[in-house]
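Report on the following structure.
The values are calculated or read from the model by the stated rules, or taken from the named source; none is laboratory data. Everything quoted here is computed from the prediction, not taken from an experiment. Backbone-built Cβ (ideal geometry, glycine too); neighbour counts: all protein chains shown. The area values use the complete protein model at the heavy-atom level, side chains included, leaving out ligands, DNA and RNA. Shrake-Rupley method; radii C 1.70, N 1.55, O 1.52, S 1.80 Å.
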Amino acid sequence: MRILLASSEVHPYSKTGGLADMIGALGKALAQAGHQVGVVTPLYRGIKERFPQIRRVDWQFDLPLGGKWVQAELWSLKPTERLTIYFVHQPAYFDRAGLYNENGVDYPDNGERFIFFSKCVAHLARYLPWQPEFVHVNDWQTGLVPAMVLHQARGEGWGNPPPVCLTIHNLAYQGWFPRNAYELTNLSPAYFQAEGAESFGHLNCLKAGIAFADAITTVSPRYAREITTEEFGEGLDWLLRKRQSRLFGILNGVDYDEWNTTQNPFLKHQYSVARLAGKRANKLALQREMKLPVKPNTPLFGAITRLTEQKGISIELGALEEMLNADIHFVLLGSGGTDYERAFQKLTQRFPNKAAVRLGYDQGLSHRIEAGCDFYLMPSRFEPCGLNQMYSLRYGTIPIVRTTGGLDDTVVDASTNPRKATGIKFAAYSAPALAKAIRKSLVIYQSARLLQLYRRNGMAADFSWNRTVAEYEKVYAARRAR
Ligand code: ADP
């Protein structure tokens, strides 16, 4: 099949979170499975310098945006056979220090930037010489593409356009903009209605995608169920229930080419299930790197996260406040909310020899934390899929997770199956519930037999892309057959 993927971030070119990992890996995996794949994404600052093989394509966009016309260039790169990355080069929109914000403040023209990007996606879908048979867009940044394709099919002579699938990576980010942003879409008013792009008089880009996509997927089966309920539906559960026959939950895969412990350029010590000595060496190296006392027998807990309420940061702080009185270490790599940054800094002042925090974004350190820790904390309030718990499993680091979304789908608790247990789950969204889960982990840590059982089970768990790709292929094929 010929597939065009569109995303506002794609690893290794740009990344703020799991979306980038997922699209980078999905593109690669679809191409490996024999499909012809194009991935379209903005050309952000620094990409050209980091990927000097990138080339300008002889193709200029000149697209209407409300009353004006905006131009862009197309650049491309062919990282592997059958896979082409198309970069939209519009420096005024994308040559900036951040992807969506700077110093915690969103760019005021995000609506305009991603409406333009969505137009470029629809334009490529229509005019690429290899004629994509399926278009797969992701999150609010490309949520308007299905409506744009429909609009061109209904009124602008695009006969037989490809079906469009929207994947929701996080329903909490919907891309709301004032009504006048809708004018920039040049869509007819027919799409701006309660069962379309409109929410309380505003433009809601993700809602437009949910309303007009041929298929909707989200990144785990449990999250697909959760978002049809009021508790997790972020105000759109009614529309998702209406479209439920087209809503599928497909668990993300892990790119084990990148996330592994046997050939990992970020790790000093390689290791595997059969040779766990390397894991211990990584733990000591991490304690040194984070300036904690080097203590091989002190259980080490880690977290790598955006510092937002979604990730359960407040209950994590509460639980640590209690549990750091025990003989444990905690390391955090995080970025985001300044209040949370301050709270973690305070925690390290209260427990200087037990807690260490690194603020900012650091890919190498994220691998070293996964490898060096004994336990990984992921107490999210909600979690569409979550990748770090799956990375932890492969790194022999036991995840402690709340029973929500993809966390529930990927971790096995001893209460369900003691012989197959891979991690510890807790249900209540509260600091005491997390503290209790941490206490359980200390019991596991005391038992060499249990520790080995959890590690072995976790490291053997397989979330590779083959299964994920097969499920997306099914969705693509079913939509095309209509
Ligand atoms: P989300 O997309 O909601 O942030 P996921 O668990 O799906 O959460 O994916 C997060 C990805 O971003 C993981 O690859 C994680 O390692 C990475 N990440 C998050 N924060 C940082 C950070 N401060 N430094 C490096 N990597 C980070």
*State yes or no: is L99 open to solvent by less than 40 Å² (accessible area, probe 1.4 Å), at negative phi and assigned to a strand (DSSP E or B)?*
no
*Condition met for Y429 (touching a residue at least 40 places away in the same chain (Cβ under 8 Å) and either open to solvent by 40 Å² or more (accessible area, probe 1.4 Å) or more than 22 Å from P296 (Cβ to Cβ) (or both))*: yes
*Kindly provide the set of residues from region 429-456 that are touching a helix residue (DSSP H, G or I) at 6+ places or on another chain (Cβ under 7 Å) and over 19 Å from T403 (Cα atoms), ordered by number.*
I444, Y445, L450, L451
_Meets criteria (within 20 Å of S118 (Cα to Cα), within 16 Å of the ligand (Cβ to nearest atom) and open to solvent by 10 Å² or more (accessible area, probe 1.4 Å)) for K15_ = yes
*Hey, D327 hits all of (1) under 23 Å from S447 (Cα atoms); (2) crowded, with 16+ Cβ neighbours inside 10 Å but one; which does it fall short on?*
(2)
*Could you pull out the residue among A147, A215, A224 that is under 26 Å from Y127 (Cβ atoms), in contact with a Gly (Cβ under 9 Å, 6 or more places away or on another chain) and not β-branched (V, I, T)?*
A147
*How many of the residues making up region 102-134 are at pLDDT 95 or above, aliphatic (A, V, I, L, M) and surrounded by fewer than 20 Cβ atoms within 10 Å (Cβ to Cβ)?*
1
*R350 fails exactly one of the following numbered conditions: (1) open to solvent by less than 40 Å² (accessible area, probe 1.4 Å); (2) away from the ligand (no atom under 12 Å from the Cβ); (3) of a type in the set (K, R). What is the number of that condition?*
(1)
*Any residue at all in region 362-376 that is over 30 Å from I227 (Cβ atoms), near the ligand (Cβ under 9 Å from one of its atoms), buried (at least 18 other Cβ atoms within 10 Å of the Cβ) and of a type outside the set (A, V, I, L, M)?*
yes
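Output the residue which, of all residues in region 314-328 that are part of a helix (DSSP H, G or I) and more than 16 Å from E341 (Cβ to Cβ), is farthest from the ligand (Cβ to nearest atom).
Restricting attention to region 314-328, the residues satisfying the condition of being part of a helix (DSSP H, G or I) are 314-323.
With the extra rule that they be more than 16 Å from E341 (Cβ to Cβ), the set shrinks to 315, 318-319, 321-323.
Details: I315: 17, G318: 21, A319: 19, E321: 22, E322: 25, M323: 22 Å.
Ranking the qualifying residues of region 314-328, first place goes to E322.
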_Of the criteria (1) within 16 Å of the ligand (Cβ to nearest atom); (2) closer than 27 Å to K440 by Cβ; (3) hydrophobic (A, V, I, L, M, F, W, C), which one L267 fails_ = (2)
*Criterion violated by I398 - all others in (1) without any contact (Cβ under 8 Å) to a residue 12 or more places away in the chain; (2) under 20 Å from Y271 (Cα atoms); (3) β-branched (V, I, T) satisfied*: (1)
*Scan K268, K283 and give me the residue that is part of a helix (DSSP H, G or I) and touching a residue at least 12 places away in the same chain (Cβ under 8 Å).*
K283
*asked:* Can you tell me which of (1) at pLDDT 95 or above; (2) in a loop (DSSP other than H, G, I, E, B) is the one T16 doesn't meet?
replied: (1)
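Only residues that are under 24 Å from Y173 (Cβ atoms), hydrophobic (A, V, I, L, M, F, W, C) and open to solvent by less than 70 Å² (accessible area, probe 1.4 Å): list them for region 73-96, please. Steps first, please.
Initially, region 73-96 is screened for residues under 24 Å from Y173 (Cβ atoms), giving 85-88, 90, 92-96.
Applying the additional criterion that residues be hydrophobic (A, V, I, L, M, F, W, C) yields 85, 87-88, 92, 94.
If the condition is that a residue be under 24 Å from Y173 (Cβ atoms), hydrophobic (A, V, I, L, M, F, W, C) and open to solvent by less than 70 Å² (accessible area, probe 1.4 Å), then I85, F87, V88, F94 are the ones that fit.
Could you pull out the residue among K295, K311 that is under 19 Å from I398 (Cβ atoms) and either within 16 Å of the ligand (Cβ to nearest atom) or not assigned by TED's automatic domain parsing to the domain that holds N457 (or both)? First the steps, then the outcome.
Working: K295 fails: either within 16 Å of the ligand (Cβ to nearest atom) or not assigned by TED's automatic domain parsing to the domain that holds N457 (or both).
Checking each option against the conditions leaves just K311.
Please work out if G336 is farther than 19 Å from D408 by Cβ, open to solvent by less than 50 Å² (accessible area, probe 1.4 Å) and either more than 12 Å from the ligand (Cβ to nearest atom) or not assigned by TED's automatic domain parsing to the domain that holds D106 (or both).
Details: farther than 19 Å from D408 by Cβ: yes; open to solvent by less than 50 Å² (accessible area, probe 1.4 Å): yes; either more than 12 Å from the ligand (Cβ to nearest atom) or not assigned by TED's automatic domain parsing to the domain that holds D106 (or both): yes.
Here the answer is yes, as G336 does meet what is asked.
With respect to R280, determine if the residue is modelled with pLDDT of 95 or more, surrounded by fewer than 23 Cβ atoms within 10 Å (Cβ to Cβ) and near the ligand (Cβ under 9 Å from one of its atoms). Walk me through it before giving the result.
Working: modelled with pLDDT of 95 or more: yes; surrounded by fewer than 23 Cβ atoms within 10 Å (Cβ to Cβ): yes; near the ligand (Cβ under 9 Å from one of its atoms): no.
So R280 fails the test.
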_Restricting to region 329-343, name every residue that is in contact with a helix residue (DSSP H, G or I) (Cβ under 8 Å, 6 or more places away or on another chain), part of a helix (DSSP H, G or I) and within 13 Å of G360 (Cα to Cα)._
Y340
*asked:* Among the residues in region 379-394, are any in contact (Cβ under 8 Å) with a residue 40 or more places away in the chain, open to solvent by less than 40 Å² (accessible area, probe 1.4 Å) and of a type in the set (K, R)?
replied: no
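So in region 18-42, with the set limited to residues that are open to solvent by 10 Å² or more (accessible area, probe 1.4 Å) and hydrophobic (A, V, I, L, M, F, W, C), which one is farthest from the ligand (Cβ to nearest atom)? First the steps, then the outcome.
At the first step, the residues of region 18-42 found to be open to solvent by 10 Å² or more (accessible area, probe 1.4 Å) are 18-19, 21, 24, 28-29, 32-36.
Checking which are hydrophobic (A, V, I, L, M, F, W, C) leaves us with 19, 29, 33.
Values: L19: 6, A29: 16, A33: 23 Å.
Among them, the one singled out is A33.
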